[in-house]
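Let me begin by presenting the structure, written as structure tokens, before commenting on it.
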Amino acid sequence: MNNSESGFTLLESLFVLSVFLIIASASAILLKSQFLSLEKQQFISQLKSDLLYGQQYAMSHQILVTVHILPEENYYYLREGHNKGFLIERAIPEAITIREGTMKLFFQFHPDGNINRFGTFIIIVDKVRYKMTFLIGKGRFYVAKE
């Protein structure tokens, strides 16, 4: 009887499977850190966009728009006036901390686009500090890495 059947032994199959699992787990770890990095970058971009939207909404509808950042509750919102409906409600990711700087985390855009107070607040993303600065005048603002 001729034993011409060829195939892989159990040991060879287990070796290939273990190499595959090591490569797959390494890539999953790398993707998770990449995801967290993108999430943090996206948050700052989203916050800037939301503030610009609130300012434009105030000017186009000729109303007061209130911005309130609640770091202890991990979210922020924009709403018409004081007690009207929400324009935007967003969660703040756990890895991001927002702190008061020279201005409080509650401010308003007036119907002409101006902001009712000026100054800075701090956004901390993985020990990297960003400063969001609101300028006197037309409600302009920018974010800079400290």
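Tell me, please, whether a residue that is part of a loop (DSSP other than H, G, I, E, B) and out of contact with any His (no Cβ under 8 Å at 6 or more places or on another chain) can be found in segment 12-30. Talk me through it step by step, then tell me what you get.
Step one: of segment 12-30, the residues part of a loop (DSSP other than H, G, I, E, B) are none.
No; the residues of segment 12-30 include none that is part of a loop (DSSP other than H, G, I, E, B) and out of contact with any His (no Cβ under 8 Å at 6 or more places or on another chain).
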Legend entry - Boolean, R99 is part of a loop (DSSP other than H, G, I, E, B), loosely packed, with under 15 Cβ neighbours inside 10 Å and touching a strand residue (DSSP E or B) at 6+ places or on another chain (Cβ under 8 Å): no
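Can you work out which of the residues in segment 38-88 that are among the small types (G, A, S) and surrounded by 13 or more Cβ atoms within 10 Å (Cβ to Cβ) is nearest to D126 (Cα to Cα)?
Taking segment 38-88 as the starting set, the residues that turn out to be among the small types (G, A, S) are 45, 49, 54, 58, 60, 81, 85.
So of that shortlist, the ones also surrounded by 13 or more Cβ atoms within 10 Å (Cβ to Cβ) come out as 54, 58.
Details: G54: 27, A58: 33 Å.
Looking at residues that are among the small types (G, A, S) and surrounded by 13 or more Cβ atoms within 10 Å (Cβ to Cβ), I get G54.
In segment 108-146, what count of residues is obtained for those that are at positive phi and assigned to a loop (DSSP other than H, G, I, E, B)?
Qualifying residue count, segment 108-146: 5.
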Legend entry - Counted residues, segment 63-102 - those being within 17 Å of Q46 (Cβ to Cβ) and free of Cβ contacts under 8 Å to residues at least 12 places away in the same chain: 1
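Coordinate-derived values only; no laboratory data. Here the structure is a predicted model, which means the values were calculated and not measured. A quick note on method: Cβ atoms are made from the backbone with ideal geometry, for glycine too, and the neighbour counts reach across all protein chains shown.
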